[in-house]
1. Would you mind checking segment 102-128 for residues with the amide N under 18 Å from a putative spin-label position 7 Å along Cα→C-beta of N34?
2. What order, most packed first, do the peptides 228-236, 8-16 have when packing is the mean number of other Cβ atoms within 10 Å of each residue?
3. Can you give the alpha-carbon Rg of segment 2-105 over 2.2 N^0.38 Å, where N counts its residues?
4. If we sort 311-320, 122-131 on the protection proxy, mean other Cβ atoms within 10 Å, highest first, what's the order?
5. Would you mind counting up the charge near R425? Only other residues with Cβ under 15 Å from its Cβ, with Lys and Arg at +1 and Asp and Glu at -1.
6. Report the relative contact order of the chain, percent, no decimals, based on alpha-carbon pairs under 8 angstrom and at least 6 residues apart.
7. Which residues in segment 134-163 place their backbone N less than 18 Å from a point set 7 Å from the Cα of S246 along the Cα-to-Cβ direction?
8. So what is the relative contact order for segment 8-111, in percent, with contacts set as C-alpha pairs under 8 Å and at least six apart?
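Nothing in this text is a laboratory measurement; each read-out follows from the coordinates by a stated rule. As the structure is a prediction and not an experimental result, all values here were calculated from the model. FYI the Cβ positions are ideal-geometry reconstructions off the backbone, even for glycines, and counts take in every protein chain you see.
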Amino acid sequence: MHEISDSIISRIEDLAEERGLSLKAMLVGSAARNTWLAGDHDLDIFLGIPSDADLSSAMEIARLVAPDHEEKYAEHPYVHARVDGFEVDLVPCYLVPDASSLKSSVDRTPFHTEYVARRIVGLEDDVLLLKQFMKGIEVYGSELKVGGFSGYLAELLVLFFGSFQRVLQAASSWKPGELLDLINCKVNGSCDRQSQHLEGLGKEGHEEPLVVVDPVDPRRNVAAALTLDRMLQFSAASRCFLAEPSLDFFFPDPVAPLSDDELAAQINERKSLLILVDFQAPAVVEDVLFPQLRKAEESVKALLERYGFRMLRSDVVSYRDRAAILIEMEVWELSRVCRRCGPPVWEAAHQSRFLAAHPLPLSGPYIADGRSLVETARKFTRAEDLLAAEIGNISLGRHLSSAIRCGHNIYVGFGLASIKDEDFRIFLARYFQAKNRIC
């Protein structure tokens, strides 16, 4: 890994010198801090330029360093490439004097690397234990698809509490509103490394379940991407592990793809109805795709409930070049007739509008409990028919709306078996398993 990163950095520096460009190439992230997990082959190399320079010049060098690449976009473009088996991100950034002078959020990363590298010596194994534990219980990763703990956050937790075991001991009693502040806690001094519940200082401006003050930039919460469910998933697993330690927490058995027979067995046992809306995934990064998938999931739920259907559970997935919304229906078929409740009978003006809106009821109007009622025919009696008719008309997010309108498939029940993709079948297995460690 170091050979490859040194080679890339040397190439970057040579190209910058040839062009007379003032540029500093830096290896950042866990690879630079000796806290990367075995098997991870990700390298983050930043191309730092003066704050008054143009990022496009660094971007051009990144393209030349890795001719076979794809360009991605976060706050600004960067290059993603595969070099000798390693996934490499070449990210332009500005060299600013401190985190109070940021021009973009990535400018903060070199300060994170410097802060941790100077303090983590001797605690690397504790960081690796914590990261693998988080990975094993599926809470590792701050990307929006996961909503878990970033590597930097894991490192700060070890610095704050002093060891892997003490992190778990503290986390075992976490509840929403925890505050950790390394700035006011000397890591190697006589500091009470117990988390504080937010009561006063630090509460304003932070509604996240866990607030970890960034020692590099005190305005920022390092745990901002951590969801409440992932935080409590980690807390519960910590209690379970301390009560009964096991390697299974770190290295659980891999989830096998769900077979056709297993899918049929789940459908027969649950007696619910599975509906899958599947479509071509838009060409955006996952941190753009998954918030829109979650928004679409909520829109689909609202549509179904508005028409009287009831959903049991749902989830979203991307696989290969596809994306999908999985809906499990608790009530998916309704009678043809439904009751519409009008205003109190004495409200004449409202009454007229209600009756005009239902000119040909199956029954009524009649009076019950002081209100007028009519019984009308439902337009949709089956959930899948409603989705097929209305999926293109609801709010799904900018990229997803156009993707679905360009074409989509709706699979119902055992029809999901026609999708043979292994990643999708693993997703289905995880969906039905739906089991966290709770003690």
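1. Hits in segment 102-128 for N34 at 18 Å: 113-128.
2. Details: 228-236: 19.7, 8-16: 17.2.
Most protected by this proxy first, the peptides run 228-236, 8-16.
3. Rounded to two decimals, the normalised Rg is 1.04.
4. Taking the mean over residues of other Cβ atoms within 10 Å, the ranking is 122-131, 311-320.
5. On the way: positive: R320, R322, K420, R430; negative: D260, D261, E262, D278, D315, D421, E422, D423.
Spelling it out: positives minus negatives among the neighbours equals -4.
6. Values: 703 pairs, mean separation 54.1, N = 439.
Relative contact order, the chain: 12 percent.
7. 134-139
8. 25
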